[in-house]
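Below is one structure, written out as structure tokens; the observations come after it.
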Amino acid sequence: IHYACAYGATVEVLTVLIQAWEESMNKTDAKGRTPLHFAMGNADRENSPQAVKLLLDLVPGGIDKIDAEKNLPLHLLSTKAESVEELQFQSRDNMKKCLDIYLKAKPKTSIELVTCIQKMPEWLRDVAVIHPTIQTMLNTKISSRFPTMILMLDFYFLAAVIGTFSITATESIARRYNPQNTTNEERSVSGALLSPLYIGSVYFLGREITQMISVRSQTTVIAYMLDAENLLNLAFVFMTMYYAILMGTGTGNDQRFQTGAAFTIGICYLQVLAYLKSILIDFAVFVSGITYVATRLLA
């Protein structure tokens, strides 16, 4: 039955095999994989959706079985999805159907499941995150106290950084272009005014380091830093810190400071968009659509 699931056998063939030896559905291979693992790992095949549904109907508990490599059946679908080309429409459609059937069976909320969804190719992850099962799961998780606290802290620190940077950068520019201010001390901004920038930068840097640690098993540090959203987050942290230091010391070329401060404000407002994407799924879909269209227009 493992081979039958791997090679996309029909439901009729699977039914005959199951009737011949019902216990085969719970048997595992050398890697601890069940027939469901094989069906999900070859979800691009035409008969795979029906096979997945049959296996889940007969053995619902198989949905949460983990193999020797700590992989759920969903992990194998995710791995297979990475090799499916954009123009293989039928294969992608079959995989989406398997994903829908799997999620409708309501797998347990676990770190393996969340990690698997994070590792999915974007085209499949977009389908997963708007599925009612995942939405319910995420809503339950995000409504608990700790995640809610983190979201609120993100909002408060982001608002504090943007407000403080706008005020202090304007004051710093005024001081720099005042001919009466000839020393760095006279050109500098009060450390008390700049304190929200330092605290905010340290907070967001800590958030990024925590995220790097949490996904270390999924990607390399270089790959993480080259991701567009992560790059934006890091640029926000380091540019805010850098210009806060320049404002506090009064050093640096005045014209370059003015240009850099304006650019940093732009990055701050991009962070606002990123924050809205993280809490509003409809807005996230809208931004993704705009990004997709813009990249195609550039081409």
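The values are calculated or read from the model by the stated rules, or taken from the named source; none is laboratory data. No experiment lies behind these values; they were computed from the predicted model shown. Methodologically, a virtual Cβ is constructed for each residue, glycine included, from the backbone with ideal geometry; neighbour enumeration extends over all protein chains shown. Remember, those area values only see protein heavy atoms, side chains included, never the ligands or the DNA or RNA. Shrake-Rupley method; radii C 1.70, N 1.55, O 1.52, S 1.80 Å.
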Next item on the list: Have a look at Ala169, Ala128, Ala160, Ala105 and point out the one that is under 23 Å from Lys65 (Cβ atoms), open to solvent by less than 60 Å² (accessible area, probe 1.4 Å) and in contact (Cβ under 8 Å) with a residue 40 or more places away in the chain.
Entry: Ala105
Margin query: Exactly one condition in (1) touching a Gly at 6+ places or on another chain (Cβ under 9 Å); (2) over 22 Å from Met212 (Cα atoms) is false for Thr79; which is it?
Written below: (2)
Note to self: Can you go through Thr183, Thr133, Thr168 and tell me which one is more than 28 Å from Asp100 (Cα to Cα), in contact with a Leu (Cβ under 8 Å, 6 or more places away or on another chain) and at pLDDT 90 or above?
What the structure shows: Thr168
Item checked: Flag if Leu113 is aliphatic (A, V, I, L, M), in a helix (DSSP H, G or I), more than 17 Å from the chain's Cα centre (by Cα) and closer than 22 Å to Pro35 by Cα -> no
Checklist line | Matching option when the condition is of a type outside the set (A, V, I, L, M) and open to solvent by 80 Å² or more (accessible area, probe 1.4 Å), among Thr251, Thr210 | finding: Thr210
Next item on the list: Take region 122-154 and flag every residue that is over 23 Å from Thr291 (Cβ atoms) and of a type in the set (Phe, Trp, Tyr).
Entry: Phe146
Next item on the list: Of the numbered conditions (1) under 24 Å from the mean Cα position of the chain (by Cα); (2) hydroxyl-bearing (Ser, Thr, Tyr); (3) buried (at least 16 other Cβ atoms within 10 Å of the Cβ), Ser188 fails exactly one; give the number of that condition.
Entry: (1)
Check: Would region 38-57 turn up any residue that is closer than 25 Å to Glu85 by Cβ, among the aromatic types (Phe, Trp, Tyr) and open to solvent by 20 Å² or more (accessible area, probe 1.4 Å)?
Finding: yes
Next item on the list: Taking Gln19 as the residue in question, decide whether it is at pLDDT 90 or above, polar (S, T, N, Q), open to solvent by 30 Å² or more (accessible area, probe 1.4 Å) and closer than 13 Å to Leu99 by Cα.
Entry: no
Next item on the list: Scan region 242-258 and give yes if some residue there is among the acidic types (Asp, Glu) and at pLDDT 85 or above, otherwise no.
Entry: yes
Note to self: Exactly one condition in (1) closer than 18 Å to Arg187 by Cβ; (2) surrounded by 15 or more Cβ atoms within 10 Å (Cβ to Cβ) is false for Ala284; which is it?
What the structure shows: (1)
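Here's the yes/no breakdown for (1) of a type in the set (A, V, I, L, M, F, W, C); (2) out of contact with any helix residue (DSSP H, G or I) (no Cβ under 9 Å at 6 or more places or on another chain):
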{"site": "Ser195", "(1), (2)": "no, no"}
{"site": "Leu226", "(1), (2)": "yes, yes"}
{"site": "Tyr242", "(1), (2)": "no, no"}
{"site": "Ala262", "(1), (2)": "yes, no"}
Next item on the list: Please enumerate the residues belonging to region 62-75 that are charged (D, E, K, R) and in a loop (DSSP other than H, G, I, E, B).
Entry: Lys65, Asp67, Glu69, Lys70
Next item on the list: Just need a number here: residues in region 134-157 that are farther than 19 Å from Leu205 by Cβ and either hydroxyl-bearing (Ser, Thr, Tyr) or open to solvent by less than 20 Å² (accessible area, probe 1.4 Å) (or both).
Entry: 7
Next item on the list: Filter region 76-95 for residues that are part of a helix (DSSP H, G or I) and either closer than 14 Å to Lys108 by Cα or open to solvent by 80 Å² or more (accessible area, probe 1.4 Å) (or both) and give the result.
Entry: Thr79, Phe89, Gln90
Notebook entry, point to check: Of the residues Glu12, Glu46, which is farther than 27 Å from Gln135 by Cα and part of a helix (DSSP H, G or I)?
Noted result: Glu12
Notebook entry, point to check: Of the residues that make up region 2-9, is at least one of a type in the set (Phe, Trp, Tyr), within 16 Å of Asn94 (Cβ to Cβ) and surrounded by 19 or more Cβ atoms within 10 Å (Cβ to Cβ)?
Noted result: no
